[in-house]
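What follows is a single structure, written as structure tokens, with notes after it.
The values are calculated or read from the model by the stated rules, or taken from the named source; none is laboratory data. Quick caveat, the model's predicted, so the values are computed rather than measured. Here the Cβ positions follow ideal geometry from the backbone for every residue, glycine too, while neighbour counts run over all protein chains shown. What goes into the accessible areas is simple: the full protein's heavy atoms, side chains included, and nothing from ligands, DNA or RNA. Shrake-Rupley method; radii C 1.70, N 1.55, O 1.52, S 1.80 Å.
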Amino acid sequence: RRLFSVSRDGDGRLWDTDSGEQLARFEGPRRSIDQALLTRDGARAITIVTGGTGPGGRTPCIVKVWDTRSAQLKHSFGEQLDLGRVLAVSPDGDRVLTTPMAAASGPSDVETVGLLFDLTAASPSSEGRSELVPIATLRGHTASLSAAAFSADGALLVTGSDDHSLRIWDGKTGQALRQLEGHRDSIRSVAFSPDGRRLLSGGADRSARLF
């Protein structure tokens with residue numbers, strides 16, 4: 001019944017799909033928003049500027065959590081560089097997986113770990129900014145993380161890497177569960193089936209693989 005959209009103007013907008021009426025506007029950072037989602041209960045909206053390293057240097061990711069009823073900002077994370085680059089957000093909007101960004105000095109500085117944060121664990125300041133501490137550090141890949149996704153219930157988390165492998169983790173604790181092999185080049189995309197029993201991955205080797 002509702003639709004959440006974001007754009008390059010940095011704003012998010014909530015719409016009534018029956019009437020086309022704009023229900024709320026969320027004023028984000030003055031940067032293009034890359035991802036957005038509504039939590040399953042519809043109570044929160046999340047906007048994401050993914051961050052990364054480009055011709056202009058390193059830019060921080062910015063994750064903002066909004067109350068959809070009041071259109072007020074509840075949490076804002078990542079204005080500093082230490083949050084890294086966002087790879088995935090859980091369906092209920094309470095956890096986010098990031099990976100530290102490479103320093104400008106070269107590929108040898110690319111981080112191979114994932115950082116799992118609980119977005120509900122921090123208390124917002126008067127300006128909405130919050131500090132986060134990782135609840136888990138995901139280690140095991142031997143090259144940079146390139147893709148990630150949560151299962152529909154948030155119980156599982158998969159990461160894909162430039163080391164050609166996939167790893168499955170407990171989506172709540174970050175505990176390592178298993179490793180999947182088969183691709184011959186970097187992983188580019190991953191997705192769980194609705195029941196979480198199957199996993200589809202796409203790679204730079206021009207293949208898609210169902211596990």
Q) Failed condition for residue 142, given (1) open to solvent by 60 Å² or more (accessible area, probe 1.4 Å); (2) under 25 Å from residue 118 (Cβ atoms), with all others met? A) (2)
Q | the range 29-50: number of residues that are assigned to a loop (DSSP other than H, G, I, E, B), surrounded by fewer than 21 Cβ atoms within 10 Å (Cβ to Cβ) and aliphatic (A, V, I, L, M) | A | 1
Q: Sort out which residues of the range 1-28 are surrounded by 16 or more Cβ atoms within 10 Å (Cβ to Cβ) and under 20 Å from the mean Cα position of the chain (by Cα), and write them in order of number.
A: 4, 6, 10, 11, 12, 13, 26, 28
(Q) Can you say whether residue 111 is at pLDDT below 90, open to solvent by 40 Å² or more (accessible area, probe 1.4 Å) and under 27 Å from residue 14 (Cα atoms), as far as the supplied structure shows? (A) no
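For residues that are in contact with a Cys (Cβ under 7 Å, 6 or more places away or on another chain) and at pLDDT 75 or above, scanning just the range 51-95, find the one that is least open to solvent (accessible area, probe 1.4 Å).
That would be 86.
Within the range 114-139, track down each residue that is of a type in the set (Ser, Thr, Tyr) and either modelled with pLDDT of 90 or more or open to solvent by 20 Å² or more (accessible area, probe 1.4 Å) (or both). Break it down into steps so the answer makes sense when it comes.
To start, the set of residues in the range 114-139 that are of a type in the set (Ser, Thr, Tyr) comprises 120, 123, 125-126, 130, 137.
If the condition is that a residue be of a type in the set (Ser, Thr, Tyr) and either modelled with pLDDT of 90 or more or open to solvent by 20 Å² or more (accessible area, probe 1.4 Å) (or both), then 120, 123, 125, 126, 137 are the ones that fit.
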Q: Residue by residue through the range 176-187, note down the ones that are assigned to a loop (DSSP other than H, G, I, E, B) and loosely packed, with under 12 Cβ neighbours inside 10 Å.
A: 181, 184
